[in-house]
1. Simple spin-label model, 7 Å along Cα-to-Cβ: Ala48 to Phe26 in nm?
2. Would you work out which of Gln97, Leu165, Leu289 lies farthest towards the positive end of the dipole of the chain, given +1 charges on the beta-carbon of Lys and Arg and -1 on that of Asp and Glu, about the Cα centre?
3. Could you work out the relative contact order of the chain? I mean the mean sequence separation of Cα pairs under 8 Å and 6+ apart, divided by the number of residues, in percent.
4. State the label only: which of [x] 103, 77, 32; [y] 79, 73, 31; [z] 57, 51, 36 corresponds to Cα extents along the principal axes in Å computed from the shown model?
5. On a C-alpha basis, how far is the centre of segment 42-60 from the centre of segment 72-122 in Å? Whole number, if you could?
6. List every DSSP H helix in the chain whose Cα atoms extend 27 Å or more along the helix's own long axis and whose mean Kyte-Doolittle hydropathy is at least 1.6.
7. Quick one: which residues, 5+ away or cross-chain, put their amide H under 5 Å from the amide H of Phe40? H built at 1.01 Å from N.
8. Top mean-square fluctuation among Leu31, Leu179, Leu163, Gaussian network model of the chain, C-alpha springs under 10 Å?
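Just so it is clear, none of the values below were taken in a lab; they were calculated from the coordinates. On a predicted model such as this, the values are computed, not experimentally measured, just so you know. Reconstructed Cβ throughout: ideal geometry from the backbone, glycine too, with neighbour counts over all protein chains shown.
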Amino acid sequence: MVQSKKQKYLFLAFCLVPTFIMFSIFTLYPLFSGLYYSFFEMSGASQAKEFVGFDNYKQLFNDEIVPATIWHDYFLVITKVIGIMIMAMFIAVALTQLKIKEAPFYRIIFFFPNIMSVVVIGILWAFIYNPDLGLVNSALEFLGLENWTRAWLGNENWALTSLVLPSIWAGIGLFMLLLMGGIANISKSYYEAARIDGANEWQQFWKVTLPLVWPQIKISILYIVITTLNGSFIIVQVMTGGGPNNATHVMGSYLYQQAFQQYNFGYGATIGVMILVFSLITVLFLQLLLRRDKVEY
């Protein structure tokens, strides 16, 4: 059936216009609204606002807490990328290459945390870290390591580090499946040729598996970075609230505190602009850093 140009354009408009409207409402409008409000002093509880120009940005540069929140965010980014990618790759290779009979069962077990709400995960791990009834301190006491027990989420030196484990645990499953899909698409003939050439299992992993699943690795790293910079405040808010003594505040949780707890909405919007800038710079840097020649197979 031959379609006229008008019919083609109508079909494209039918597909694209609703998507663009939704994108404008839920992405572009909040983005430009946040940028607009960053130039005002306002509580957010009313329509009253006062134009202050770049005063909020001056406050941002002079705020002693902001550099700490940036470091906390990137600490979580680095530890999550390393932890999640190593564990996800290990599990993906094990379940695809070792011919484990119970592989479907293990896939479900490892993916299960991904279907849980981050709030539920935060509450669960807050109980695990509980200094009196928590699993961590109970296990240490059982092993005779009472000196190692502590209030994990109430200790300034350990609170941020304690957030790493639940963050990694919650993210392994999704990237495990993504890597498993990439590994499953690699032809067995490549591994057979490598074995004939004398390559052991470790060499096959480095010379065959890793280069051919690099697109999935790159996507995984970028996704972890973006979701951490923009979404780590949820688990921080649930487990520590940014404490103790601002020891776990990330940029997102500090934004929440300023905008919705201290009713400094204009300054909160300024922090939001900062998060956007850091996210864009980080993603562009990683795009250049992770660039590789395409490997065909």
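1. Distance between label points: 3.5 nm.
2. The one lying farthest along the dipole's positive direction is Gln97.
3. Relative contact order for the chain comes out at 28 percent.
4. Derived directly from the coordinates: [y].
5. Cα centroid of segment 42-60 versus Cα centroid of segment 72-122: 42 Å apart.
6. Values: long enough: 65-97 (47 Å, 1.64); 164-184 (29 Å, 2.00); 265-289 (36 Å, 2.11).
Once both thresholds are applied, what remains is 65-97, 164-184, 265-289.
7. Amide H neighbours of Phe40, under 5 Å, 5+ apart: Val52.
8. Among Leu31, Leu179, Leu163, the largest mean-square fluctuation in the Gaussian network model of the chain belongs to Leu31.
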